[in-house]
1. Kindly provide the helix-only [θ] at 222 nm of the chain, computed as the sum of -39,500 (n - 2.57) over DSSP H runs of four or more divided by all residues, to the nearest 500 deg cm²/dmol?
2. Which value, in nm² and rounded to one decimal, describes the direction-averaged projected area of the C-alpha convex hull of segment 2-59?
3. Taking the chain as the reference, fit the longest principal axis to its C-alpha atoms, fit the long axis of helix 38-59 to the helix C-alpha atoms, and give the angle between the two in degrees, 0 to 90, nearest 10.
4. Please give the Cα centre distance for segment 41-108 versus segment 1-31, rounded to the nearest Å.
5. Run the numbers for residue 58 and residue 108: contour at 0.36 nm per residue of separation, minus the present Cα-Cα distance, in nm.
6. For the chain, what are the per-bin percents of Cα-Cα distances with bins 5 Å wide, up to the bin holding the maximum?
7. Expressed as an acute angle from 0 to 90° and rounded to the nearest 10, what is the orientation of the C-alpha long axis of helix 94-106 relative to the principal long axis of the chain?
8. Based on the Kirkwood radius over alpha-carbon pairs, what is the Stokes-Einstein translational diffusion coefficient of segment 44-92 at 10 °C with 1.306 mPa s viscosity, in µm²/s?
């Protein structure tokens, strides 16, 4: 993943065409970029993000934010109850309890 101004770009390499293809992730709009070298790819990514932000500004629209920090998660009611019990036992809100555990998982 690449990051610039809070936006993230996912990249794939096309071995047949010998080119990198990328897309800015987490947006409703489609913002892509490509390059034949890593430096060209990085520059194209930054240019695409800047172009997207300028395009939104010209249209008087708010650009999509990369991520709000919120997501909806549906779980079985029995699991929900157990998670509430565990978070209460630890003296934390359910949200903080789950967020801290998710953070630990990705930083292992």
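Since every read-out is calculated from the coordinates, none of them should be taken as a lab result. Remember, predicted model here, so these are calculated numbers, not experimental data.
1. Computed ellipticity for the chain at 222 nm equals -14500 deg cm²/dmol.
2. Across all orientations, segment 2-59 yields a mean hull projection of 4.0 nm².
3. 80
4. Here the two parts' Cα centres lie 19 Å apart.
5. Extending this stretch completely gives an extra 13.7 nm.
6. Each 5 Å bin holds this share of Cα pairs: 2, 10, 15, 15, 12, 10, 11, 10, 7, 5, 1, 0.
7. Roughly 50 degrees, rounded to the nearest 10.
8. It diffuses with D of about 108 µm²/s by this estimate.
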